[in-house]
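Working notes, structure below.
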Ligand code: C5P
């Protein structure tokens, strides 16, 4: 999937979301509150349903990544949140998609699974292995764990 003006061979990427280098940026949050990390269980698509992830989604054309993160948390969880530091790393998802993750803190609201998810859990550091994380989210979860008490 070399970047190029005509997209990749799979043709499955959202051309409208790409960043001009042939890659769609997906942003997600390590939402930290009271010493816990929020995990969200996907309700779709079928191949991801039931697996747990850090909530987030695609950056729209012309949108700043941090703004996309705030928007996605508002849409998916009904909360206002503030991005903190970006976790070091950029993780490949399906072809043509890459994941960046920020820590985030809650400003207002209690997260509810409004869109894309059917369950949420607040996990302490010792509980992080108790859910079946999406493979592609695991390195980011490990990095987020270092920001939880007990690290
Ligand atoms: O949520 P949305 O469908 O916009 O996410 C775009 C893509 O990024 C999906 O294929 C989803 O599986 C992936 N993703 C991921 N890990 C996340 C958030 C999204 O693999 N934490």
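Do we have any residue at all in segment 48-65 that's surrounded by 13 or more Cβ atoms within 10 Å (Cβ to Cβ), farther than 16 Å from residue 141 by Cβ and at pLDDT below 95? No, segment 48-65 contains no residue that is surrounded by 13 or more Cβ atoms within 10 Å (Cβ to Cβ), farther than 16 Å from residue 141 by Cβ and at pLDDT below 95.
Scanning segment 85-97 for residues that are surrounded by fewer than 16 Cβ atoms within 10 Å (Cβ to Cβ), part of a strand (DSSP E or B) and within 12 Å of the ligand (Cβ to nearest atom) yields a count of 1. Inside segment 103-120, residues that are within 14 Å of the ligand (Cβ to nearest atom), touching a residue at least 40 places away in the same chain (Cβ under 8 Å) and either in contact with a helix residue (DSSP H, G or I) (Cβ under 6 Å, 6 or more places away or on another chain) or outside any strand (DSSP E or B) (or both) make up a count of 3. Among the numbered conditions (1) over 14 Å from the mean Cα position of the chain (by Cα); (2) over 14 Å from residue 26 (Cα atoms); (3) without any contact (Cβ under 8 Å) to a residue 60 or more places away in the chain; (4) part of a loop (DSSP other than H, G, I, E, B), the only one that residue 50 does not meet is (3). Identify all residues within segment 1-47 that are in contact with a strand residue (DSSP E or B) (Cβ under 7 Å, 6 or more places away or on another chain), at pLDDT below 95 and surrounded by fewer than 16 Cβ atoms within 10 Å (Cβ to Cβ); write none if there are none. The answer is 14, 19.
Okay, residues lined up against (1) touching a residue at least 40 places away in the same chain (Cβ under 8 Å); (2) near the ligand (Cβ under 10 Å from one of its atoms):
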| site | (1), (2) |
| --- | --- |
| 33 | yes, no |
| 44 | yes, yes |
| 59 | yes, yes |
| 62 | no, no |
| 71 | no, no |
| 83 | yes, no |
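Scanning segment 121-144 for residues that are within 15 Å of the ligand (Cβ to nearest atom) and outside any loop (DSSP other than H, G, I, E, B) yields a count of 14.
The values are calculated or read from the model by the stated rules, or taken from the named source; none is laboratory data. Computed from a predicted model, the values in this text were never measured in an experiment. We place every Cβ from the backbone using ideal geometry, glycine too, and count neighbours over all the protein chains shown.
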